[in-house]
Every structure is written in C-alpha cells, then in structure tokens.
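Single-structure report; data block below.
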Amino acid sequence: MKAIMLMFDSLNKHMLSAYGSNAAITPNFQRLKEKTLRFNNFYVGSMPCMPARREIHTGRYNFLHRSWSPLEPFDDSMPEILKKNGIHTHLVTDHKHYWRDGGATYHPRYNTCELIRGQEGDSWKGMVNKPVCHYESGEPEEIKQRRIASRTQHQINVQFMQDEQDHPLARTINSGLEFIRTNYSADNWFLQLECFDPHEPFFVPEKYLKLYGIEDISAFDGWPPYYFVTENEERRSNIQKYYKALLTMVDDYLGKVLDHMDKYDLWKDTLLIVNTDHGFLLGEHQWWGKNIMPLYNEVANIPFFIWHPHCGGAGQSRQALAQTIDIPATLLEFFGLEKPVDMQGVSLKPAITNDTPIRDHALFGYFGCHINITDGRYVYMRAPAKSNIDNLYEYTLMPTRINRRFTPGELQNLTLHTGFPFTKGCPVMKVPAVSVMTRNADRFGHRLYDLDNNPKQDVQCQEVTVARRLFNAMERMMVAGDAPGELLGRYDFGQPTPMLLGVDSAQQPEFRQLTAEIRYGMLCLLQHLENGGHDNIASKLKAAAKSDWSREHLWQFVLDEVPAEQHQSVFYKMALEMRLD
C-alpha cells in the first residue's frame, strides 16, 4: 500500500471550481473532483501554519496549550509511527518554517526529506548590499520588522528564480514526482508533498498573470496586508488577481501529480489526499489574510479531497463533519496500524464509505483568541472574558517561537507544571503567554452564525438556545482535550450565568453612548495619545466626542489634532480595533 498527501498552504476553497466557483482558472481541481471524493464540511483545528502541522502529526488540538510550536518530546508523530512500522516516509516541501526555530523537529520524523529553499523570506541567498525595503504600518514592532526582513530577503531570493522551472512550486512538485517515478512499483511508502503556495508573497510567472489581464508585473509586490481593507476597488481587484494567478499555477502543478497517478495506475492501491492547512481572506468581511480577525469560513472551512482505493466514491461528495486532526488516524488505519491512545482525531473511513458521521462537533481556533465550535450548521465563536484576559499560559518543553527561542525575560516567571495525560508523565514548563495576537482578544465579542440561512456570515444569529448548546459542547470538548483550568476560566466556563452573545468589552461609562465601532476607535486613539504623552489632545478628544459621532468625525479629529507623521500608524491601529464584523 502507498499514500500521497499533496498539501498546499492558504488554499481558499471559495476560489475552486471543484466547489462551484468560477473566480479562477482551476481545471485540474475540477479533474481532481471527478477522480476523488470531496468533503464539504472539513474544518481547521489549530491555527495557523505549524499548529496545523502539529495536528497532522499528533491528531490532537495544539491551540489549547500552546501557540506556534515544534513537535514536543512526548508527541506521537504519525509519520514516525509509520517509519517505525516499516513504511518509508518521505517529505518534500518548500515550507520554510520547517527549518526555523519554531518547526525544526518536524522533518526529522520522516525517513527522508527534501527541503526546497527560497520561499517567502527564507534566509536562502546571501547578499551583503541588500535592497532597501520600506514597510510602514501601525503593527507591533516585532511583526513589522519581521515583515520588512521577509520582503528584503524575498527581493534577493527572486533574483535566482528567473525561469518558471526555478520557482519553488515547480521545484517542489518536480522533486515529489521524482520520488513517485523512482518508487511507484515499490510498496509501503508515504509521500508528503507539501507546497507553500498559494501563500503570499504572490510570486507568479508572467504567463499566469496575463491570464487575468495583468500586463505590468510590478503593479503589486505580492504581499497582501494582514488587516482591514482600505484599498480602492481597482487595487483590491489587483491583489485578488495575483492570488488567482498563483492559484492557476498551483492548479497546473496539481495536474502533473494527477498525470503521474494516471500514468502509473496508482489509483488502484494508493491513498491520495489533497488538502490545505487553512484558507485565506481576499477582501471578504473587509479583511485580508488571517490571524487578527474572527475565524470566518473563508479561513476555517477548507477544501479536502481524498481517494481511498478500498472505498471508491470518485466524483462524490460528503457532508460529514471532519477536520485536520482526523488526517493522521485515517493514514494509520490505511496502513493497518492502531492510533495512539492520546490521538483525539478519528478515521475518515466511515464517512468516506457512506457519509456516516464521525464527529458531532469540530473545535478550532488560535491560541488565546476566539475558541470556535461548529456542528456543521452553526458556528459559535467564544471570546475571552474581560476579567480573565491576562490569564493565559503556554505549556511546553520546547520553548521556541516562529523564528526565535523564548527570551530569558519570557522564561523568568515560568513554573513547572505536573503535566497532562498526553505529556506521558513529563512535567512541562508553564510560561506566561506573550503574544501580539492575544492583545485585546475580547474585542470581537461572542458570535453565532447560522450557515444554512447566512452562509456568508455577514449577519450574526441571536438564537441564545443554540449558543448555549454549543457553549456546553465547547466546554465538554475542551475538558476532554485536557484544557488547563485557567483556560476554561478565561472563557467563563463554570460561571453560573455566562454571557453567550454580543460584544461585552470596552464598556467605559464615558463612552457608553457611542456605537461599539466608534467606542473601540476612541479607546484606541486615547491609548495612543496617552502613551505618547499627548494628554492635552486626549482631553480635547474626551470633550469633543458626541453620541452621534461617525467614523468620519473620528478621522477628522485625527487629521486636525494629531501630528501628521503619526497619521498612518494611528489610522491603522484605530481601524483594526473598529473592525467588528
């Protein structure tokens, strides 16, 4: 038996012809739909990139105990279990996070691996006299500097990718195809062929851009902002076209994998999975990207295709609810192996066979932000309680973040925790969480969406009985996942009368007469002014604010009173806090 998992990053389900869209040119995804079985209610678990990959290895929710994380010493790794049982596991990827501090324990779990260099800001090619890259925003300094560094390194890397064959996507797929050509007649292997595209930067050969009417390849640098939409319609359309062009390139290279499945008749004995870690917002809900905003379905409800040679079902679809943590259990069962006792995910095989439900609910989220749950019809988003917003800890034996180790300052207040059942008797460090993403994490409030009646999630549902049912299910799943006690308290579980719906933060008495949107903007502006020593301007703002103020009034106050050099930063911060929907 053989298995291939072809994984893409930031694949927006709503752009694929296989899911009924005509937004982009994706004939090979349509071909994939006809060759495999398609899941319609497949959800993420832990967000974003490496938390999702930890789930693909362990079949456990990562985000209840940890943010971005390497594999821990106590983690059960699906590829490593296969390797220990005589299944050759091979990873081919251009996902740079595998060779950074926050992901460096993943690729050694495979028998063999090929790491394709040069994607995004991968520290690949060295150039002493670097190009200058400016990136102005109101984002926290840590994030801003990281993006400046990534853009600068990207400008260097692309100088060594002048032809399509040099593109990381092409090199990654071609390396995977080489493995297939070398081993198609052998038995007992698993290939994880993992592509970073269509993740940003949207670096696309000119021929694909021209398909979408883009003649000037310098019209957009490929880096969409990770915040609210401020661009005019032309600029917004241009960013979307770059993503679509890259998606069409992805589609072309998907076709090459399908060609090899056909050529070597792998459909008869090879499990094929085509999936992604998460989706990507391209202006929907007035947002770009991911991370900051609520986890709308454009990010959370992801495409998933599978061909199980023992079950068939080509061209069919399934409504059964499933998610990323179910992938490793499915692969282990395919190779005749038992899943570890700590693996929370379940095999997809019953759903594949006849759409038998395998789970009642799917839990998903970012560490410390909204906890989300869906039953397939409703999505409930639970915000932290204001009173417990700072009560957040990371549990780990691997103190690294995306691209660095924890600092001594971050570790000075750690304590040793006795551990959880899944840590296999190992005590773990309990470290106060430091995350820019969890700052003001309550600002979006508790939300409920009815996907049957409002699939676009642009109107919140007010059915309190549904919210209570999902709130109770969420608590049960968190307890079953060994969520720390203080995390349960952070979201008001265990309280006699928890608030279930509505925005419940930023209720300072002097601003209660304002709309929620303007109240958030006011508080953000006051914080900026007071932290910057502009108490006189802050006093003017308090005196000037009226109950009928609109966004335009607030904008005009900034233009009239705040120093001009601070405008861009102030507008960014304010608009981010004011984005409630």
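Can you give me the ranges of the strands (runs of 3 or more DSSP E) entirely in segment 385-488 with at least 1 residues that are in contact with a Lys or Arg (Cβ under 9 Å, 6 or more places away or on another chain) and over 17 Å from residue 63 (Cβ atoms)?
415-417, 447-450
Is there a residue being in the same structural domain as residue 114 (by TED's automatic domain parsing) and either among the polar types (S, T, N, Q) or closer than 30 Å to residue 89 by Cβ (or both) anywhere in segment 214-221? Talk me through it step by step, then tell me what you get.
Within segment 214-221, the first condition is being in the same structural domain as residue 114 (by TED's automatic domain parsing), and the residues that meet it are 214-221.
Next, only the ones that are either among the polar types (S, T, N, Q) or closer than 30 Å to residue 89 by Cβ (or both) stay: 218.
Looking through segment 214-221, at least one residue is in the same structural domain as residue 114 (by TED's automatic domain parsing) and either among the polar types (S, T, N, Q) or closer than 30 Å to residue 89 by Cβ (or both).
Please tell me if residue 448 is of a type in the set (A, V, I, L, M) and closer than 24 Å to residue 299 by Cα. Steps first, answer last, please.
Values: of a type in the set (A, V, I, L, M): yes; closer than 24 Å to residue 299 by Cα: yes.
Considered against the rule, which asks whether it is of a type in the set (A, V, I, L, M) and closer than 24 Å to residue 299 by Cα, residue 448 comes out as yes.
When you scan segment 193-232, how many residues do you find that are among the polar types (S, T, N, Q) and in contact with a helix residue (DSSP H, G or I) (Cβ under 8 Å, 6 or more places away or on another chain)?
If we filter segment 193-232 for residues that are among the polar types (S, T, N, Q), which is where we start, we get 218, 230, 232.
The next check asks that each one be in contact with a helix residue (DSSP H, G or I) (Cβ under 8 Å, 6 or more places away or on another chain); those that pass are 230.
Residues in segment 193-232 being among the polar types (S, T, N, Q) and in contact with a helix residue (DSSP H, G or I) (Cβ under 8 Å, 6 or more places away or on another chain): 1 in total.
Regarding segment 104-114, can at least one residue be identified that is modelled with pLDDT of 90 or more and among the aromatic types (Phe, Trp, Tyr)? Lay out the reasoning, then the answer.
Here is the first cut: in segment 104-114, the ones modelled with pLDDT of 90 or more are 104-114.
In the following step, the residues that additionally are among the aromatic types (Phe, Trp, Tyr) were identified as 106, 110.
Yes, some residue in segment 104-114 is modelled with pLDDT of 90 or more and among the aromatic types (Phe, Trp, Tyr).
Test residue 345 against the stated conditions and say whether it is among the small types (Gly, Ala, Ser) and surrounded by fewer than 14 Cβ atoms within 10 Å (Cβ to Cβ). Let's see the steps before the verdict.
Values: among the small types (Gly, Ala, Ser): yes; surrounded by fewer than 14 Cβ atoms within 10 Å (Cβ to Cβ): no.
Against the criterion (among the small types (Gly, Ala, Ser) and surrounded by fewer than 14 Cβ atoms within 10 Å (Cβ to Cβ)), residue 345 does not qualify.
Would you please list the contacts, defined by Cβ atoms under 6 Å and residues six or more apart or on different chains, that run from a residue in segment 331-355 that is of a type in the set (Gly, Ala, Ser) to a residue that is at pLDDT 95 or above and assigned to a loop (DSSP other than H, G, I, E, B)?
Every condition considered, the pairs that remain are 345/59; 351/320; 351/358.
Any residue in segment 262-272 that is of a type outside the set (Ser, Thr, Tyr), closer than 17 Å to residue 158 by Cα, surrounded by 22 or more Cβ atoms within 10 Å (Cβ to Cβ) and assigned by TED's automatic domain parsing to the domain that holds residue 305? Before the answer, list the steps.
Filtering segment 262-272 for residues of a type outside the set (Ser, Thr, Tyr) gives 262-263, 265-269, 271-272.
So of that shortlist, the ones also closer than 17 Å to residue 158 by Cα come out as none.
Within segment 262-272, none of the residues are of a type outside the set (Ser, Thr, Tyr), closer than 17 Å to residue 158 by Cα, surrounded by 22 or more Cβ atoms within 10 Å (Cβ to Cβ) and assigned by TED's automatic domain parsing to the domain that holds residue 305.
Do we have residue 381 as surrounded by 15 or more Cβ atoms within 10 Å (Cβ to Cβ), over 21 Å from the mean Cα position of the chain (by Cα) and at pLDDT 95 or above here?
Details: surrounded by 15 or more Cβ atoms within 10 Å (Cβ to Cβ): yes; over 21 Å from the mean Cα position of the chain (by Cα): no; at pLDDT 95 or above: yes.
No; evaluated as a whole, the condition is false for this residue.
Would you mind finding the one in 483, 433, 441 that is within 30 Å of residue 150 (Cα to Cα) and touching a His at 6+ places or on another chain (Cβ under 9 Å)? Please lay out each step first, then the result.
On the way: 483 fails: within 30 Å of residue 150 (Cα to Cα); 433 fails: touching a His at 6+ places or on another chain (Cβ under 9 Å).
It is 441.
I'd like to check something: does segment 226-247 contain any residue that is of a type outside the set (Val, Ile, Thr), surrounded by 15 or more Cβ atoms within 10 Å (Cβ to Cβ) and in contact with a His (Cβ under 8 Å, 6 or more places away or on another chain)?
Within segment 226-247, none of the residues are of a type outside the set (Val, Ile, Thr), surrounded by 15 or more Cβ atoms within 10 Å (Cβ to Cβ) and in contact with a His (Cβ under 8 Å, 6 or more places away or on another chain).
Regarding segment 421-428, can at least one residue be identified that is surrounded by 16 or more Cβ atoms within 10 Å (Cβ to Cβ) and among the charged types (D, E, K, R)?
Looking for residues that are surrounded by 16 or more Cβ atoms within 10 Å (Cβ to Cβ) and among the charged types (D, E, K, R), one finds none in segment 421-428, hence no.
With the structure loaded, tell me whether residue 55 is surrounded by fewer than 22 Cβ atoms within 10 Å (Cβ to Cβ) and assigned to a helix (DSSP H, G or I) or whether it fails that test. Before the answer, list the steps.
Details: surrounded by fewer than 22 Cβ atoms within 10 Å (Cβ to Cβ): no; assigned to a helix (DSSP H, G or I): yes.
No: the conditions fail for residue 55.
The values are calculated or read from the model by the stated rules, or taken from the named source; none is laboratory data. Bear in mind the structure is a predicted one, so any value in this text is a computation, not a measurement. As a convention, Cβ positions derive from the backbone with ideal geometry for all residues, glycine included, and neighbour counts pool all protein chains shown.
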